[in-house]
Amino acid sequence: MQNGILRAVLTFGFAITQQLASASADAQAIDLTDLGPGTVGHAINSSGQVALDQGIYSNGSITPLPALPGGSTPASALAINSTGQIAGSAMAPASGGQGPTVVPIAFINGTLTNISVLFQAFIGRMEFEPGASTGINSARQVVGWYANTLDIHGYHVGFVYANGIETDIAVPCSVALSNNLNTCTAVVDNRPSGINDGGQIAGTVDFSRNFIGSGVYAYVASSGSWTNLGPGAAYAINASGDVTGTLTTSVGTSAFLFNNGTTTNLGTLDGGTHSTGYAINATGQIVGSSDFAGGATTHAFLYNGGMNDLNTLIGATDPLRPFVTLTSAVGINDNTLIVANGVDSRTNQVHAYLFQAPQLRITPGPLSFGTQAVGGMSPSQTVVLTNFGGTAITLGTISVGTNFSVVTTSCGPSLTPSNACSVAVAFSPAVAGALAGALVIPTGGANYQVSLSGLAPIAATISANGRTATVGLPLQINWTSSPGSTCTAADSTSNPAFNGTIPPNGSKSLTETSSGKVFYGTHCAAPGVPAMDPVTSVVWNWPAITATLSASPTTIIAGQSTTLTWAATNATGCTATGGGSGDNWAGAKAASGSQTITEPFATATASVMLTFGITCSSTASGLSAKATAVVTDNSPPSKSGGGAIDLVSILSLLGILSLGRAAKS
């Protein structure tokens, strides 16, 4: 299996053979095998041989690689093929005035080859070019890179070495153009990381582009055909051409799987922002490292349908579990035997470890359910568990968290070799938002997880108890929103104000102080889904003005009084009109009251019909209403006999008397 860790500084190996307990592919009772303090792992092949800085681990012992002629430091193994042939690096002795240099090497059939010697012949100089060999396939083709010291920048040049011949890899500028980049002027840096048995190469290139900087991109190359996988780096490739590495995302970086032309970001461990895939086996299981929420260091992960922290998969009874933290997994073979690097808290030393994961294949990977309304259930998706090992795998109770449901399962307490079972999972959101969960598959004390995700949009409404309302009178506003959403009110003209944070569901009585159409709305949001802003409108009308006016009594005799009483609603004042001359009725009045008035004498020949009016209005609305009252003002009655005489008789008598007095004079 190919591995993509490029070590800038190589640790010095040591010539030692260390006896260790072997970890066979089917020995699933063994969780961690310690390869020794100071060991640093890089790759593992199908036989369980491990490429280390210190040499080759095989069957419980480490065999150091030889040193280059004239040197004393054993070479380091960075990649290993199925037959135990090695690609790596070694310290070359001083040459041509140059000090000791780390150079790319191949260790094939017991012979250590300094590939940098070929660069000397190619570029016509004595110094060794620094670099490393990073991948080797079954055909013993080796890939790697060297630094071109003739260039002042020391850019890396990718190469393929086979059968004693080194060939520089020319990267076409079209690789840059395929990603809609600016015109490529040069490939200034190429670092191949792995090569599979079909000759496909995965690696990283850096383009120089028309004076606007550079871009680092992951690529896969096959028979001269190049595919740009995007900003990032490619570190490993399997027999099918599937690639892993790391790609830039909107929030950080993510390990990825490139399979059949499709790139899938694998995400990170919970709460993390950066992850990298370092190795991939034939079935697409990936190992690497990831940060996580609150973590001071990275943790090793195993992607087996989901991102699993390798530390949580170590058996609870493993004696190393309390002390060892696996920080990076760097190799995995087809038997799920994993090589990882970690730290022993008792000594704070780095160790390489072998970890035998259950030979359980979980497909497909993360399940995305799309959009589903809160309270509903999506169509189910099926996860298949396959035991590809030679012993039965114990399964615990398979479960999912909130917002997802296990619909059916054919899995029992044990999964026998070469058999499979399935679990149907559905998205059943109880709250709104972009929701995530996991299908948890317990296997003998370790829990595998398959990531689940779905979108539950917000459903929000708002309504009023009526399309019209009267100013000053209460009107009820009602609103609803999906559980899990947070809402605020969006109107501030009402009394009391309808604004600020409100519960997802509720009602409120509101009044307005002026007329017109008023819009009431809510803004409801939930993480990862569009917010909803429902709105309703109400036409507020001014209340009608009413006015009443009454007189008591309504019939009087001249010289008598009547009491006028008036009242108005929704008015700020009134104006009186009509009445009799000099009765002091006309003029401004309060919105309600009463007034007693005395009317003058009526004529001797007829009654007088007096009309009293009042107009009441509101200065706010401009509306008004009128009311009237009629009072009959009668003449005093005439007298006969001993009774009173009428006014005409009195006047006639007074006239006669006046005329008599005038004649006598």
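Tabulated data for the structure shown
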item	result
Unmet criterion (only one of (1) open to solvent by 10 Å² or more (accessible area, probe 1.4 Å); (2) modelled with pLDDT under 90) for residue 311	(2)
Pairs where the first residue, in the stretch 486-504, is of a type in the set (S, T, N, Q) and the second is assigned to a loop (DSSP other than H, G, I, E, B) and buried (at least 16 other Cβ atoms within 10 Å of the Cβ), C-beta under 9 Å, 6+ apart	486/504; 492/498; 493/512; 494/512; 495/512; 499/491
Meets criteria (modelled with pLDDT of 95 or more and either within 28 Å of the chain's Cα centre (by Cα) or among the aliphatic types (A, V, I, L, M) (or both)) for residue 296	no
Leading residue by the ranking (modelled with the highest pLDDT) among those in the stretch 611-641 that are more than 25 Å from residue 583 (Cβ to Cβ) and open to solvent by less than 50 Å² (accessible area, probe 1.4 Å)	618
Condition check for residue 238: surrounded by fewer than 24 Cβ atoms within 10 Å (Cβ to Cβ) and in contact (Cβ under 8 Å) with a residue 12 or more places away in the chain	no
Residues (assigned to a strand (DSSP E or B) and open to solvent by 30 Å² or more (accessible area, probe 1.4 Å)) located in the stretch 258-279	259, 262, 263, 264, 265, 278
Residue that is most open to solvent (accessible area, probe 1.4 Å), among those in the stretch 82-107 that are in contact with a Leu (Cβ under 8 Å, 6 or more places away or on another chain) and modelled with pLDDT under 90	93
Some residue of the stretch 10-32 being at pLDDT below 95 and in a strand (DSSP E or B)	yes
Matching option when the condition is closer than 22 Å to residue 450 by Cβ and either touching a Cys at 6+ places or on another chain (Cβ under 8 Å) or not charged (D, E, K, R) (or both), among 261, 232, 241, 267	267
Failed condition for residue 64, given (1) more than 48 Å from the chain's Cα centre (by Cα); (2) open to solvent by less than 30 Å² (accessible area, probe 1.4 Å); (3) within 30 Å of residue 325 (Cα to Cα)	(2)
Qualifying positions in the stretch 321-355 - open to solvent by less than 30 Å² (accessible area, probe 1.4 Å) and aliphatic (A, V, I, L, M)	324, 326, 329, 330, 332, 337, 338, 339, 340, 352, 354
Residues located in the stretch 164-216, provided they are modelled with pLDDT of 80 or more, touching a Lys or Arg at 6+ places or on another chain (Cβ under 6 Å) and of a type in the set (S, T, N, Q)	204
Members of the stretch 440-461 that are of a type in the set (A, V, I, L, M, F, W, C) and more than 20 Å from the chain's Cα centre (by Cα)	440, 441, 446, 460
Matching residues, the stretch 318-355, being farther than 19 Å from residue 255 by Cα, out of contact with any Pro (no Cβ under 9 Å at 6 or more places or on another chain) and in a strand (DSSP E or B)	324, 325, 337, 342, 343, 352, 353, 354, 355
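Per-residue answers, yes or no, for (1) closer than 30 Å to residue 464 by Cβ; (2) of a type in the set (S, T, N, Q):
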site	(1), (2)
529	yes, no
532	yes, no
541	yes, yes
554	no, yes
576	no, no
581	no, yes
584	no, yes
592	no, yes
597	no, no
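The values are calculated or read from the model by the stated rules, or taken from the named source; none is laboratory data. This is a predicted model, so every value here is computed, not measured. Cβ: placed from backbone, ideal geometry, glycine included. Neighbour counts: every protein chain shown. Areas reflect the complete protein model, heavy atoms only, side chains present, ligands, DNA and RNA absent. Shrake-Rupley method; radii C 1.70, N 1.55, O 1.52, S 1.80 Å.
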